[in-house]
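Written below as structure tokens is the structure these notes are about.
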Amino acid sequence: QVQLVESGGGLVQAGESLRLSCAASGSIFRFNAMRWYQQAPGKQRQLVAAITNGGSTNYADSVKGRFTISRDDAKNTLYLQMNSLKPEDAAVYYCNADYYGVRYWGQGTQVTVAS
């Protein structure tokens, strides 16, 4: 059983920063990769960033250069540093991990960006 708990969302002004956290139950090194997704109202959930347990990362074009995904295996925590936030970044952000063929999701954390 895997539990993922996101935190760090909130209301910010455009141009400001937020850091999201995703705390996992147990070691995150067992996951080949962990990911952050965003889901805006009325839209499909879409991949924002991913990181492997080897540290390789990839990003959606819309966030490249502004967002940074990282992981702290000692703290069993995944992070998403979001800089230069735009109103279009507003969404619920979810972390995700696959384990033995099962896709696990957290409950999400709301990010609101005021223009």
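The values are calculated or read from the model by the stated rules, or taken from the named source; none is laboratory data. What you see is a predicted model; the values in this text were computed from it and never measured. FYI the Cβ positions are ideal-geometry reconstructions off the backbone, even for glycines, and counts take in every protein chain you see. Side chains included, ligands, DNA and RNA excluded: accessible areas come from the protein's heavy atoms. Shrake-Rupley method; radii C 1.70, N 1.55, O 1.52, S 1.80 Å.
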Open item on the list: If you count only protein heavy atoms with a 1.4 Å probe, what accessible area per residue comes out for the chain, rounded to a whole Å²?
Closed with: 52 Å²
Open item on the list: Restricting to Cα atoms and excluding each atom paired with itself, what does the Kirkwood estimate give for segment 1-42 in Å?
Closed with: 12.7 Å
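List the chymotrypsin sites (Phe, Trp or Tyr not before Pro) within segment 43-115 that fall in a DSSP loop (any state other than H, G, I, E or B) and whose Cβ has at most 15 other Cβ atoms within 10 Å.
Answer by residue number: Tyr100.
How many percent of the accessible area of the chain is carbon or sulfur, using a 1.4 Å probe?
Here carbon and sulfur together make up 47 percent of the probe-accessible area.
With a cut-off of at most 11 other beta carbons within 10 Å, and DSSP calling the residue loop, which trypsin sites (Lys or Arg not before Pro) in segment 43-115 qualify? Please list them.
Lys43, Lys64
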- [ ] Compute from the Cα atoms of the chain the Rg and the Dmax, the latter being the longest Cα-Cα distance, and quote both in angstrom.
- [x] 13.3, 42
